[in-house]
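The values are calculated or read from the model by the stated rules, or taken from the named source; none is laboratory data. Keep in mind it's a predicted model, so treat the numbers as computed, not measured. Methodologically, a virtual Cβ is constructed for each residue, glycine included, from the backbone with ideal geometry; neighbour enumeration extends over all protein chains shown. Surface areas here come from the heavy atoms of the whole protein model, side chains and all, with no ligands, DNA or RNA. Shrake-Rupley method; radii C 1.70, N 1.55, O 1.52, S 1.80 Å.
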Amino acid sequence: MTSSAEELEIENSVRLIMRYQIMLVSHLENALKNGRIDEHTVTRLKSQGCIAQTHDEILDHFEGIFHELLAYYQDRLRERIVKGAEFIDSLSPTDPRREPALDKYDRLCEQLRNIR
């Protein structure tokens, strides 16, 4: 590979990293703003710098981060489902809050199924 071809490849890799980083940061900031993620997790995921050089390595790096994010969302959703089940169990069958709680519980379970 010639020097200019190598430079072009490096430039293309840098652009790819920047595009993925922009997409990741945008997603994380939006999730933080909407209360779907905590600040510590945002900072941790944003700070995972990419030192990959090939396009496949770059894709693997960001795929790993997005898998971490997906696992985080799944864990948070499971926590909400467990808390919802505990709340529902604490209600009497005639409590007017029971039906809306059951509906919300079902929606959360459906969200978890859709994530998978």
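Details
- For the range 69-82, the set of residues classified as loosely packed, with under 14 Cβ neighbours inside 10 Å and closer than 20 Å to ASN34 by Cα consists of LEU70, ALA71, ASP75, ARG78, GLU79, listed by residue number.
- Some residue of the range 8-22 being within 14 Å of the chain's Cα centre (by Cα) and either of a type in the set (S, T, N, Q) or within 24 Å of GLN111 (Cα to Cα) (or both): yes
- Subset of the range 24-57 (residues that are more than 14 Å from TYR73 (Cα to Cα), touching a residue at least 12 places away in the same chain (Cβ under 8 Å) and open to solvent by 60 Å² or more (accessible area, probe 1.4 Å)): GLU29, LYS46, GLN53, THR54, HIS55
- Cβ-Cβ under 6 Å pairs, at least 6 apart or on other chains, the range 73-98 side under 21 Å from HIS27 (Cβ atoms), far side hydrophobic (A, V, I, L, M, F, W, C): GLN74/ILE115; LEU77/LEU112; ARG80/LEU108
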